[in-house]
Every structure is written in structure tokens, then in C-alpha cells.
1. Please give the Cα centre distance for region A:430-475 versus region B:94-148, rounded to the nearest Å.
2. If you count only protein heavy atoms with a 1.4 Å probe, what accessible area per residue comes out for region A:1-118, rounded to a whole Å²?
3. Per residue, what accessible area does region A:187-262 have, given a 1.4 Å probe and all protein chains present, in Å²?
4. Taking chain A as the reference, fit the longest principal axis to its C-alpha atoms, fit the long axis of helix A:108-127 to the helix C-alpha atoms, and give the angle between the two in degrees, 0 to 90, nearest 10.
5. Read phi for every residue in region A:394-404 and hand back ³J(HN,Hα) as whole Hz from Karplus 6.51 cos²θ - 1.76 cosθ + 1.60, θ = phi - 60°, with x for Gly and Pro.
6. Report the Cα centroid-to-centroid distance between region B:17-83 and region A:347-407 in angstrom, as an integer.
7. To two decimal places, what compactness ratio does region A:456-505 give when its Cα radius of gyration is scaled by 2.2 N^0.38 Å?
8. Over the whole of B:122-128, what's the average partner chain Cβ count within 10 Å per residue? Rounded to a whole number, please.
Amino acid sequence: MARIGVFLCHCGENIGRTVDCAAVAAAALKLPGVVHAVDYKYMCSDPGQQMIKQAIAEKKLTGVVVGACSPRMHEPTFRRAAAEAGLNPYLLEMANLREHCSWVHDDRAAATAKAIDLVRVMVEKVKLNRGLYPIRVPIEPTALVVGGGIAGIQAALDIANGGKKVILVERSPSIGGHMARLSETFPTLDCSQCILTPRMVEVASHPNITLMTYAEVEAVEGFVGNFDVTIRRKARYVDWSKCTGCGDCWGKCPAKKIPSEFDAKLCNRTAIYRPFPQAVPNKPVIDRENCIMLTKGKCGACAKVCQRGAINFKDEDQLVKVKVGAVVLATGFELWDHSAYGEYGAGKLGDVIDGFQFERIASASGPTGGEMRRPSDGTEPKTVVFIQCCGSRDEKVGKAYCSKICCMYTAKHGMLYKHKVHDGRAIVFYMDVRATGKGYEEFVRRAVEADGVEYVRGRVSRIYRRSDGKLIVRGADTLAGRPVTIEADMVVLADAVIPRSGAEKVAQLFGVGYDTDGFYSEAHPKLRPVETAAAGVFLAGACQAPKDIPDAVAQASACAAKVLGLFSKPELEREPIIARVNENTCVHCRACIQACPYGAIEDHEIRDRKGHLIKTVARVNEGLCQGCGTCVAICRSNSIDLDGFTDEQVFSEISTLE
Amino acid sequence: MAHTETKTTETAAAGYSPRIVAFVCNWCTYAGADLAGTSRMLYPPNVRIVKLPCTGRIDPLFILKAFEGGADAVLVSGCHPGDCHYTSGNYHARRRWSIFRRLLDLTGIDERRLFFSWVSAAEGTKFAELIRDVTAKVAASGAFDPANPARRRPWK
């Protein structure tokens, strides 16, 4: 027999002024099954909660309805109070008498009538509530970090220093990401590799971190706390247990004309190669697409010259299966291809370069040894034009967003150029200058005032090569109100920041959403910037949105905090609002399995004692089900229901309304 | 900003007070309705909200049951396409309704009594305007008689 208690809150004046709470309590008491109905000024306060707890004990209540603010506000508060009084917390429901009633109506009679209706509906629903118990799922306290740039490195180090094991997977042969390619970083002009490489070494030597480079995630199954991930370790054809990194092999390799990805194609590398001297792991791999032995069966120069016998042309890809409890995606970004801008030479003008190419020219470890030389003829450019917002903030090419880092790195590039070419001219064409971080505005002022970088507000309409080799840049100076033509030796375009190629595939593997620009979707843009809709999968760095190094590092540490929080308990407790299949009536049409966005429903074979198959049905994985109910609505045989929002409960709510 | 309110006065002129049942999702529209409340936006008291985790949970039978019980209009509202908290529930809802709308006429229920919308958690204003709009339209259309759905006052 139902024994329901109803508690009306005045919420000070917020409800009490518009809704006659005493009248609602009186009306509630008349409802069948209601044995207790009171009103009070502040139900969520300590005395208010005490009233509920006392009533539960004294009147032996089987269910409670609190008519007060929105359940999004205080449902956890009241459910905890019920639990403390010994009543299963899921036997308590709230009627929203504030946000949905007293605050949006000013007719007292109408509002009170509506409040009575709302309470009545919840009383009927709660009579059908069953006690639910949190679902406990075991957790494997190992994290997987996908991506070995600064964000992935930071996340891995923080989790490892927190005492938990980490597997760091990186697609290229070395970790370090884009930060390893930069010459100096804003706003301090720190040498990028100098601050990065100690962390890279720490990752390689940390006892809690397993580093897998030249590897990619191939398949993912499972759910938070229990992901089964298959990683493909690409064949490197070099036995790293024997290799000492001496360099004899790449010195002898005849395949020398492969454009170096690390050096932004400004110079070439060999087929057996180490991406850069400070690579971690500091061992070479063989690029099988370009190796003469692997493609044509001839050569083998490296094997002949290797004193340790470390070359192995028979190497094969390895598939490694790992079990992890949480995943951090840190796949990073790349620069948009400006060939789409015919006005800027469609990518065919050799001295029109992008930001990374400029970084490699400026870098002491780059193809020019840090000297300012332009790609076409190796001469020192005396006039360099920098163009901001190339592709960004341009709906015409489909990128409406601002890439965030370009104003800062353009100022930096201007400064680096002036530091190396004192009598050169650095001219920046800008729409706005966005220098929002700490020390950023001062940095830009320094570029202008101390280093003489010239800023012109306006866009560039055309760049073309004149017969004498000069690049003619035609733009506008909107502050002076006139067109401007510059004879430049080199042009640097601040291309838009876009997600890494292959990012979408990784997102799909992990069930993470992404927006029209390909950036991964966070669970809530304001309050949950590192979580995703997929429980146990977190985002760090530029894969989520364009950002600079300090923000990427902060976000990575935030992910680590979330992961360590997840791992802090041996079991994961989840809200028990999940779907449940009636295996007697299920006909295995699999509509629910296909509809479930989380892949939470599995095929389940029911066998007799001898092992013969009786039938196959759908079964909900409690750890993975998020409780949306899409499966319930799609089931044709009415064989699946949602705990907490059963068909019976919803129909009773609807019936009560009439 | 003027908070207009079409109240029982307007509906009284129509001769009845429409009963509107709204099936909303917890994460977007319910939160948007909360925001309308927090922002103290006024709207007519004719709507009764049934909270569900997701619009994907809504069975067409819920809507029929609401009409059978005498609701004059039913509103279904959830997250914008692409924003579903559960990734795709609202897509299922959208597909379901595009077919269900045509079935409604077969049952004798004017499909114009069924309203769909997407209201996000940040759209308190939109929710309030939606309720005012739906209430006004339904007040003008006349009461729904479940016993004889075909016999109803024509839309003005």
C-alpha cells in the first residue's frame, strides 16, 4: 500500500507569494495514497530536511514528493536526505513549483491550480517508482593517451605522477608534436625544444608510462572503466633493442629525396630516418613507402653498415590489445592548406610560406641553421610580409572561427625576423590583434615599439611574383584609407588552425562527437570543457579547439585530474537510470542495438544446461547505458523499459493530467 | 523587455482554457524552461510538462494517450539537432514524428494540435515565447473532444 508524503516549500517568497502552498498541501492530502502533507518556508534547509526524515520514519512513508524548486537544483539534496532516513533515494520525486510555476505566472488562483496538478502528477508517478541501486562497475586503473604532443605529454606525466599507469600512443616516430618544431614560444621567447625535451625524456623514462610511438589506435570496444583497445604498432624495420642511434644508417641511405614532414617540406630526409635529433625515442624507423629495399627489393645499405645488426627488413605490424579505464584524446592540430586562396598564389609561389615553415627557417636546428633565408633562392629576405587570418574568420572557405594563436605567433615571427635581420622590414597585415593572455598585450607592444614591426590594418587582395623575383603584395591600409603595395621578398601566411588529419576517425572509434569544423565536442562548453558525451573519454589540447601551449597544458592537467578522480575508487558508481530488456518477449529484431548511441546493448544468447541455444535476445550493458530511452521507444515488441521512466510511470503521469 | 502574458482572460474569451501537455527532454528544453523561470518570464499557465531523459524516449502512444485524455494540444520539444545529450535521441524523435504526423490525421486528430520544437538549455526566452504562441494558437482552435474528435470547431 502506498504511503506517500508530500512536502511543499514556500522557498521564502519565491513560491509562497504566488502559490498558496497550504492549499496545495491540503489538496494533496486528499489524494489516494497520500498520508502526510505539509508546507514549510525552506524545505532544503536543515530543519526542512529534518521534517522529511522524521516523517519518513514516523509515518513509514513508501514515497516522497517535494513540491519546490526545479529538480535540477535540489533533487540530489532531497534524495540524500531520504537515503539518510532509510528510504531509497529513487523513491523521491520533485514537482517543479518554482521555475515552472510561481516564477512564470502571476495569477495566484491559476498558479495554485497548476501547482496542485503538478503535485498530483508526481504523486501518481512516485507510487510506481521502484527502489534503484547505483550500478557498480569495476575500473581498470590504466589510462590511454592518444597523441604525443605537449598536451598528451602533460596528461601522461600528470596521471603517471598520480601513481597510475599510462599508455601513450603517438602516430609519428617521435613524441613532441608541433612544439618540437617551433623555434621560440610566445610570450617569453623561450627556446621551444629546451623547455619541451626534458618532458619528453621524463615520459620515456617514467616507470608508469608505456610509450608506443609509430603506432595508432585501430579498434575500441567496451565502456568507461573497461575499454578494450587494439593498437597497431607499425613495423619500423629497426630492432630498437639493438639500435644505439649512432646514425650510420641514415648517413648511407640512398633514398635522400623525401620531403621532411618535420621540416615542413623545406628540406629532404632519407627513407631510414629519425625525425629530429632530439627525437624520443631516439631511434630511426624505415619509411616503407619510400625505402628502396622494401619497395623494390634492392639496396640494404643500412643493414650492411649497421654495426649492431639492428636492421630487420622482415619486420611486421603488431596488433597490441590493451585494457584501459579512461582515455585522453590529444590529437592536436595542423595548418589549413592555403592553396584554396588563388589570390595568394594557390600554394605555388615558393616564397609564400606558412607559420611552421617560418618556424623551421628561424630554428637553429632547421634547414637553414637559423639564418633567415627564403626557400626559392636561399637569399636573405629584406622585406617580409605577414598576413593574419588566412582562412580563419572567412566563411567563404568554410571557417568562420578565429584560430586564436595567429596574432601572437605573427607578432613573434615579426620579432624573430627583426632580431635576425636588423635592417629588414617586417610588415603585418591584420584585421584585429587578439592578445588576450597573460603578458600577451605587452608582447605585441614590444614587437611594435622595441623591434619595429609595422602593423597595417587591412586585408591583402593579391600576391604575385614579378619578373625580377619580387613578390608584389597588394593590400589596403584602412586606417589611412588608401591601398598599399609592398615589394616583398617573402610572405608568411597565418593559416587557419584545423584538427589533425584522421581526427574524425579517432573520434568515431571512441564515440566522441565533433563539430562541423572537425573539433571534438566537449560535454558542456562552459562547465565541462574536458569531458565528452562518452563517459571516460576526455579531451586535451587543440583537438578540442584552437589553443596555445599554456591552455593546452592546463587542459591536459585537468584531464589528468578527471582521470585520477575516476581511478580513485576501485569501482565506478553510476546512476541507475538504465534500460532493461524483458528477455521473455524480446524477439531480437536488434532495433535497439542499432539505435543505441553508446553501443550499450549487446546480443545475448540464452542457452540451456546442455549448451543448446534457446534464443538470442538483446541485453543492456549496465555500465554503458546512459539512460536516454531511445531503445524503449523504438522496440516493436514492447520488451524494453527504462528504470525511472517506465512506460507505466509516464502513462500514469499523462492520465493524471486529464 | 515587456513581459506580455496571454492569460485566462484571452482564453476565457475563447470559452475554455486549453490544456497543453508538453513532453520535453531533461537536458535542453526542461533546462530552457527552468531558465525562463529564473528569468521571470511570464507565460500562460496552461502547459503541463512531462519530463523525460530524451525526446528519443517518447513513444507515439504517449501523444495519443494525452489526446485521448482530453489534451487540446501536445508539444514535443528537445535538443537542437546535433546537440542531443545522448548524441542521437533527437534524430530518432524527428524521424518518428515526420511519419507519425501523417498517421494522426487518420485517427481524426488534427495534426496542427501537435507542435514540435527544439529549445536549448540557453533559450529561456524561446521557451516562453513558444508557450505563449502555442497557447494562443490552441485557444483559437477550439477544445479537443476525444469522444468525437471529428466534431470540433474549425480553426479560425
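The values are calculated or read from the model by the stated rules, or taken from the named source; none is laboratory data. Bear in mind that the values here come from a model prediction, so they are computed numbers and not experimental data. Methodologically, a virtual Cβ is constructed for each residue, glycine included, from the backbone with ideal geometry; neighbour enumeration extends over all protein chains shown. We work out accessible area using only protein heavy atoms, side chains counted, and drop any ligands, DNA or RNA first. Shrake-Rupley method; radii C 1.70, N 1.55, O 1.52, S 1.80 Å.
1. One Cα centre to the other: 55 Å.
2. 39
3. Ligands and nucleic acids excluded, the figure is 46 Å² per residue.
4. Between helix and principal axis, roughly 90 degrees.
5. 10, 5, 4, 9, x, 10, 7, 7, 9, 8, 6
6. One Cα centre to the other: 53 Å.
7. Working: Rg = 15.5 Å, N = 50, 2.2 N^0.38 = 9.7 Å.
The reported ratio for this selection is 1.59.
8. 1
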